[in-house]
Amino acid sequence: MQAALDALEKLKSGNERFVSNVRSIEILDSADRRSELLEGQKPAAIILGCSDSRVPAELVFDQGFGDLFVIRVAGNVAAPSQVGSVEFAVQQFETPLVVVLGHSNCGAVKATLTELERKVEARTPNLWSIVERISPAVATLVESSLADDKDELLAQAIKANIRLAADHLRHGSRLLEERVNTKKLLIVGAEYSLETGKVEFFDGIPS
């Protein structure tokens with residue numbers, strides 16, 4: 001567990017630098033780092049993030065070559081291929097930390113809320129597969145009092161979707177669940193603010 005906590009602190013420190021518009025000297029020295037990585041990689045963390053072009057994980061956390069194993073998909077959903085990618089990195093590199101990274105104003109979550117409020121006929125089966133992954137997290141919110149406050153509904157739906165994906169990684173894979181139970185792996189949820197650049201870690205953080 002200590003390795004995971006150390007990796008988490010590394011990400012928090014990196015995000016603080018990013019917010020302050022400061023970059024690590026080590027990150028800028030990419031030529032030497034590329035050469036070192038020819039023999040293999042050992043990323044400190046796995047990031048399951050959204051494909052949104054405004055949320056590049058390496059920049060958000062001020063990390064460089066070989067530091068992060070990044071998986072990106074619209075809505076940061078934990079579909080089988082994403083779960084398999086996490087399993088791969090955990091098995092191959094013994095990476096101790098997984099971060100499900102969502103972000104404010106997420107278009108995929110917005111699309112899901114729209115779909116639940118009214119059917120969108122133009123949606124393709126492939127796009128529907130993403131909406132279908134997100135909808136269990138937000139369906140009850142649409143039917144709650146939050147339905148009268150669209151901004152708060154979206155904000156809570158984004159967090160709920162992050163929690164759902166993190167929980168699926170913890171319990172939807174025998175390999176990952178075993179490592180979580182034996183304290184070899186920590187899976188947390190976090191949200192990136194497009195407005196401030198700050199990452200809030202809010203799900204699965206050890207007390």
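The values are calculated or read from the model by the stated rules, or taken from the named source; none is laboratory data. All figures in this text were calculated on a predicted structure; none of them were measured in a lab. In this analysis, Cβ positions are derived from the backbone assuming ideal geometry, glycine residues included, and neighbour counts consider all displayed protein chains.
Residue-level check: of (1) surrounded by fewer than 13 Cβ atoms within 10 Å (Cβ to Cβ); (2) among the aliphatic types (A, V, I, L, M); (3) in a loop (DSSP other than H, G, I, E, B), VAL55 misses just (1).
Listed conditions (1) touching a residue at least 60 places away in the same chain (Cβ under 8 Å); (2) within 18 Å of the chain's Cα centre (by Cα) are all met by GLN91, apart from (2).
With respect to (1) surrounded by 15 or more Cβ atoms within 10 Å (Cβ to Cβ); (2) at pLDDT 90 or above, the lone exception for LEU127 is condition (2).
When each of ILE162, ILE158 is tested for being crowded, with 19+ Cβ neighbours inside 10 Å and out of contact with any helix residue (DSSP H, G or I) (no Cβ under 6 Å at 6 or more places or on another chain), the lone residue that passes is ILE162. Looking across the range 1-46 at every residue that is modelled with pLDDT under 90 and of a type in the set (Val, Ile, Thr), the one that is farthest from ALA165 (Cα to Cα) is identified as ILE25. None of VAL138, VAL142 is in contact (Cβ under 8 Å) with a residue 24 or more places away in the chain and either surrounded by fewer than 17 Cβ atoms within 10 Å (Cβ to Cβ) or among the small types (Gly, Ala, Ser) (or both) except VAL142.
Candidates in the range 165-183 are the residues that are surrounded by fewer than 16 Cβ atoms within 10 Å (Cβ to Cβ) and in contact (Cβ under 8 Å) with a residue 24 or more places away in the chain; of these, the one that is nearest to CYS50 (Cα to Cα) is GLY172.
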